[in-house]
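Below: one structure, written as structure tokens.
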Amino acid sequence: MTDRKWRAWEIIGLLFTLAAGNLLHFVYNWSEKNDIVAAFAAVNESTWEHMKLLAVPWIVWSILEWLAMRGKKNSVLAARAVGLLVGLLAIPAL
């Protein structure tokens, strides 16, 4: 995969994570407080719930990116895991 194509994937991933995280902030109420939705969406304003708002779309995008890049020399999973860990640590720290 070319450097330009990889950058495009990362920018799309950033936009996806931001949009999906923002939508997940409201999905629990839209679902009339469904217990299954509560596992993935924010239920209240706690730090843990905000960490879910980052983790769920990040993991979904990481899986999609990994599937798209299967068979390529460089795996993205290690880098995506480190990025998620840093983001999750930053939420309570900030």
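The values are calculated or read from the model by the stated rules, or taken from the named source; none is laboratory data. Only a predicted model underlies this, so the values are computations on that prediction, with no experimental measurement involved. Quick reminder, even Gly has a Cβ in these numbers, built from the backbone with ideal geometry, and neighbours come from all protein chains shown. When the accessible area is computed, the model is the full protein with side chains, heavy atoms only, and any ligands, DNA or RNA have been set aside. Shrake-Rupley method; radii C 1.70, N 1.55, O 1.52, S 1.80 Å.
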- Note on the structure: In the stretch 19-48, anything in contact with a Phe, Trp or Tyr (Cβ under 9 Å, 6 or more places away or on another chain) and within 13 Å of L88 (Cβ to Cβ) is listed as G21
- Query: Restricting to the stretch 29-49, what's the tally of residues that are small (G, A, S) and in contact with a Ser or Thr (Cβ under 9 Å, 6 or more places away or on another chain)?
  - Reply: 2
- Message: If I ask for residues that are of a type outside the set (A, V, I, L, M, F, W, C) and farther than 17 Å from A55 by Cβ, which ones from the stretch 25-41 would you list?
- Response: N29, S31, E32, K33, N34, D35
- Which listed residue is of a type outside the set (G, A, S), closer than 29 Å to A8 by Cα and either surrounded by 15 or more Cβ atoms within 10 Å (Cβ to Cβ) or modelled with pLDDT of 95 or more (or both), from L77, L85: L85
- Name every residue in the stretch 41-74 that is within 28 Å of N29 (Cβ to Cβ), among the charged types (D, E, K, R) and open to solvent by 30 Å² or more (accessible area, probe 1.4 Å), in order of residue number. E45
- Sort out which residues of the stretch 76-94 are touching a helix residue (DSSP H, G or I) at 6+ places or on another chain (Cβ under 8 Å) and not in a helix (DSSP H, G or I), and write them in order of number. V76
